[in-house]
Structure formats: structure tokens, C-alpha cells
Amino acid sequence: MSQLEIKNLHVSIDGREILKGLDLTVKQGEIHAIMGPNGTGKSTLAYTLMGHPAYTVTEGEVWFKGQNLFELEADERSRLGLFLAFQYPVAIPGVTVANFLRTAVNARRRAVNPEDKGIPIPEFRKMLQEQMNLLKMESSFAGRYLNDGFSGGEKKRAEILQMAVLKPEIAILDETDSGLDIDALRVVADGVNALFGPDLGVLVITHYQRLLNYIKPHFVHVMLDGRIVESGGPDLALHLEEHGYDWVREKYEEMNGQPGR
Ligand code: ADP
Ligand code: MG
């Protein structure tokens, strides 16, 4: 069974430490949610796992399928079965959603077999249609130019569809701004719920407790000041919705004898 294992991860930006020893393991068949107030390093975690060059790993390790994640290029991470949302955030006028997805599928196939001639178009169309049916997406969406004038919800739709055709083993979704847009939240939640199963592990990073009204995580983690300071089951999300983060912060400050951020 595949798992993503984060051990004592420390990450700095411009010499300032943002992640200060983060531990987390996500396995196939599990949904994890990381929540926490703004500025605690949630997106830093997502960008670091993506390999964004601005984020320097100063200590700790991340393992995926027995490989050191930081020794792999972004495309190698993807081919191994790790999916990171926002890998292609830019608009690509002239490239349709379908063409983009076929290129991604073919890249994956060539990684397995360099001689691969690519997925036959009829086979690809059938598979794409099946996935779009599963996700209740309109067929016309596949013919749109990728991210060209997309709404927040449509960007999420493209992202979830990419996840559906690539069939990753572990998917990481950072829902940075999507809480502002209820349509986008629903797309992500419905997508995760439709695609989830024993072969998929999901890590949802979110500031918005609302998202967890639609996705039911098995594990909920609270992040504060660059670390996970509290973990629990789905009831932890409900508790946070009712009581906010202050009690976690107080508990953390008592534990450390110093103020958290
Ligand atoms: P969150 O996603 O939990 O809101 P972030 O990971 O975005 O938190 O930010 C954590 C801290 O790192 C913040 O203090 C933020 O200002 C800082 N930070 C994030 N990205 C950068 C960056 N590219 N350059 C400088 N500082 C950054
Ligand atoms: Mg963020």
C-alpha cells in the first residue's frame, strides 16, 4: 500500500523558518484534512511537496513509495502516483482540456514504457467520458481551452478531472481561496467523494471549515505555527467549527510555555 510519509519537516522562505517540524502520514484509502488559521504554513507545506523553488527544506524527510520525494522532479512525483493540485495553474489558450489531459495520460504511459505510442484516441475519449459522467460534468467542458477565462469552479473542475484521469494513489489539494466560492467548494468535495476509494489517499489543506461539511475526512489535523499540534477524527472538525482555534492555541502555548502565532 502506498503512503506519503512526512517526517520532521522544516522549511524556510528567505531564511525565515515557516514549517518547524511537521509529521504526517497519509495512506491510500484515507482522507486527511489539515486546517488552521491563516499564516501557519499550510500552503507552504503544499508548495514544498510540489517542489516550488522558493521553499527551502532545511531538515526532515518526505517519503513516497520508498523514494525520497525531494530527489524526484515534479513530473517524476506525478508519474509515481502523487497528485498535486495547482501544478498547471496557467491558462493555455489553444489547448483544450481534453488535449491537455491526453498529454498528461501519455506522459504517464511513456514513463512506464518509453516505446508507448500513446493512448488511442477512441479509448481516451471513452475513458474521459466515463470519468466526466462519474463527476457529473458536461461533455462540452472537455472542448474548452484550459483555464482560459475559467471561473474558480471551472478551474477546480479541470483539476478534479485531471485527478480522475491520472488516477493518483495520493492526492494533495490546497484549497487556498476556494472558500470564497461555494461552487468551487462543491466541485472539489463532490469530486473527492466520487473518486475516493481504497486506492486513493487524499490530503485536503483548507482554511475553510465549510469544506468539511461536504468531505468527510477520517483524520483532521490542526496546524499552528508550522506544526501539527492537534489531530483527531471528524468530530475535531465539528469542534473547531463551534469553538474556533483559540483553545488549540492556548493549549499549544501552555505546552510550549511560549506564545504561538
Ligand atoms: P497558510 O497557507 O497557512 O495561510 P502560508 O504557508 O501561506 O500559510 O504562509 C506562512 C507564512 O509564510 C506567512 O507568514 C507568509 O507570510 C509566509 N510566506 C508564505 N509564502 C511566502 C513567500 N513566497 N515569500 C515570503 N513569505 C512567504
Ligand atoms: Mg494557504
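Take the conditions (1) within 18 Å of the chain's Cα centre (by Cα); (2) open to solvent by 10 Å² or more (accessible area, probe 1.4 Å); (3) more than 9 Å from ligand 1 (Cβ to nearest atom); I31 misses just one of them, which is (2). Counting only residues that are part of a strand (DSSP E or B) and more than 16 Å from E230 (Cβ to Cβ), segment 1-22 holds 15 of them. Would you say G51 is touching a helix residue (DSSP H, G or I) at 6+ places or on another chain (Cβ under 8 Å), away from ligand 2 (no atom under 16 Å from the Cβ) and more than 18 Å from F219 (Cα to Cα)? Yes: the conditions hold for G51.
Condition (residue is away from ligand 1 (no atom under 16 Å from the Cβ) and touching a residue at least 60 places away in the same chain (Cβ under 8 Å)) applied to segment 41-51: is it met by at least one residue? For segment 41-51, residues away from ligand 1 (no atom under 16 Å from the Cβ) and touching a residue at least 60 places away in the same chain (Cβ under 8 Å): absent. Close contacts from segment 92-115, counting a first residue that is farther than 18 Å from I160 by Cα and a second that is open to solvent by 50 Å² or more (accessible area, probe 1.4 Å) and modelled with pLDDT under 90, with Cβ to Cβ under 6 Å and a gap of 6+ residues or different chains, come to P93/D148; A111/R79. Per the listing T40, T25, the residue uniquely closer than 21 Å to S231 by Cβ, touching a Gly at 6+ places or on another chain (Cβ under 8 Å) and of a type in the set (S, T, Y) is T40.
Is it fair to say D148 is open to solvent by 40 Å² or more (accessible area, probe 1.4 Å) and part of a loop (DSSP other than H, G, I, E, B)? So D148 fits the description; yes.
For segment 217-261, the tally of residues that are among the polar types (S, T, N, Q) and either touching a His at 6+ places or on another chain (Cβ under 6 Å) or under 27 Å from E30 (Cα atoms) (or both) stands at 1. Note on segment 1-23: residues that are on the phi > 0 side of the Ramachandran plot and either open to solvent by less than 40 Å² (accessible area, probe 1.4 Å) or among the small types (G, A, S) (or both) total 2.
Tallying residues that are open to solvent by less than 40 Å² (accessible area, probe 1.4 Å) and within 16 Å of ligand 2 (Cβ to nearest atom) within segment 173-208 yields 12. Among residues of segment 5-27 that are without any contact (Cβ under 8 Å) to a residue 24 or more places away in the chain, those with a Cβ under 6 angstrom from a residue that is part of a strand (DSSP E or B) and surrounded by fewer than 19 Cβ atoms within 10 Å (Cβ to Cβ), sequence gap 6+ or separate chain, pair up as T25/Q3; T25/E5.
Could you tell me whether any residue of segment 4-16 is closer than 20 Å to G191 by Cβ, modelled with pLDDT of 90 or more and either more than 14 Å from ligand 1 (Cβ to nearest atom) or of a type in the set (V, I, T) (or both)?
yes
So for segment 163-172 (the condition being over 19 Å from L203 (Cα atoms), of a type outside the set (A, V, I, L, M) and either open to solvent by 10 Å² or more (accessible area, probe 1.4 Å) or within 16 Å of ligand 1 (Cβ to nearest atom) (or both)), does at least one residue qualify? Checked against the condition, which is being over 19 Å from L203 (Cα atoms), of a type outside the set (A, V, I, L, M) and either open to solvent by 10 Å² or more (accessible area, probe 1.4 Å) or within 16 Å of ligand 1 (Cβ to nearest atom) (or both), segment 163-172 yields no hits at all.
The values are calculated or read from the model by the stated rules, or taken from the named source; none is laboratory data. This structure is a prediction, so every number in the text was calculated from the model and none was measured. So basically every Cβ, Gly included, is an ideal-geometry build from the backbone, and we count neighbours across all protein chains shown. Keep in mind that these areas ignore ligands, DNA and RNA; they rest on the heavy atoms of the full protein, side chains included. Shrake-Rupley method; radii C 1.70, N 1.55, O 1.52, S 1.80 Å.
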